[in-house]
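Each remark here refers to the structure printed beneath this line.
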Amino acid sequence: MREGGLLIFRRRKLRSGASRLPGGVRIGAGTKAALYCLAALALVVWLFLWAERSIIPTLVAIAESETTRAANEVIVSTINEHLATLLNGKVLLEFETGPTGDLLYVRTNTTALNQVQADALEVLQEAIGALEPFTIRVPMGQAFGSKLFAPVGPKIPVKVIPYGTVRAQVYDSYDVTGINQTRYNILLRATCSVRVIIPLISARTEVVTDIPLTTVLIPGKVPDTYLSFPPVK
């Protein structure tokens, strides 16, 4: 606008809620709201990824530990409860002696051991299948992996759903206990493969438990002279 030979420029007011970027580009209220929402969404995604990297491994480790403990207790208690029934009327070992009554060798009764293994597998599968979901509560400091502030903060409830299968195997072992004396063991090895299911998370852990079924000490002839040399270092 020209007044008295001078050019006068009037700045037009922006509409309410609008702003101007460098270069004269206007941003309306709707665009600003969309940008704020996009920034908030990006922040939420970043926080989720950061929390997942920080918390999830700790929660999985604690859940695996608690599930291993629970499965091990179930295996031991189940076998101890049914041990008398498993071994009832079964001869696991047969002893052969010489004319003088000296023990010549020990022979395992394969049929009886196979029956024990099959019966143990049945009761163990039933016991592991009866494992119920349980809840663990992890302090916030421990969940973030802090050693100094592990017991600090509110406790995060985590529901753990154990689910697994079990294998049973009877095996033998021996070890030397003295001069020409051997201890012969028959053991039941229960291997439980448990899947730990936390909401949106799944992990697998394995529990191996050895339970002795019978032990026998096999004596040998004691020589007149016995020499023992220290190991050469």
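The values are calculated or read from the model by the stated rules, or taken from the named source; none is laboratory data. Everything numeric in this text was worked out from a predicted model, so none of it was measured. Using ideal geometry, Cβ is built from the backbone for each residue, glycine included, and neighbour counts are taken over all protein chains shown.
Brief remarks follow.
- Here ALA203 meets each of (1) in a strand (DSSP E or B); (2) at pLDDT 80 or above; (3) out of contact with any Ser or Thr (no Cβ under 8 Å at 6 or more places or on another chain) with one exception, condition (2).
- Residues of region 87-117 satisfying the condition of being farther than 25 Å from GLN181 by Cβ and without any contact (Cβ under 8 Å) to a residue 40 or more places away in the chain: ASN88, GLY89, LYS90, THR110, THR111, ALA112, GLN115
- Residue in region 26-46 that is part of a loop (DSSP other than H, G, I, E, B) and either surrounded by 12 or more Cβ atoms within 10 Å (Cβ to Cβ) or modelled with pLDDT under 80 (or both) present: yes
- Residues that are farther than 20 Å from ILE55 by Cβ and in contact with an Asp or Glu (Cβ under 9 Å, 6 or more places away or on another chain) within region 191-217 comprise THR191, CYS192, SER193, VAL194, listed in sequence order.
- Here LYS90 meets each of (1) closer than 14 Å to LEU213 by Cα; (2) in a helix (DSSP H, G or I) with one exception, condition (2).
- Among the residues of region 93-143, the ones that are at pLDDT below 85, over 21 Å from the mean Cα position of the chain (by Cα), outside any strand (DSSP E or B) and not small (Gly, Ala, Ser) come to 3 in all.
- Among the residues listed as GLU122, GLU96, the single one being over 21 Å from PRO212 (Cα atoms) and of a type in the set (Asp, Glu): GLU96
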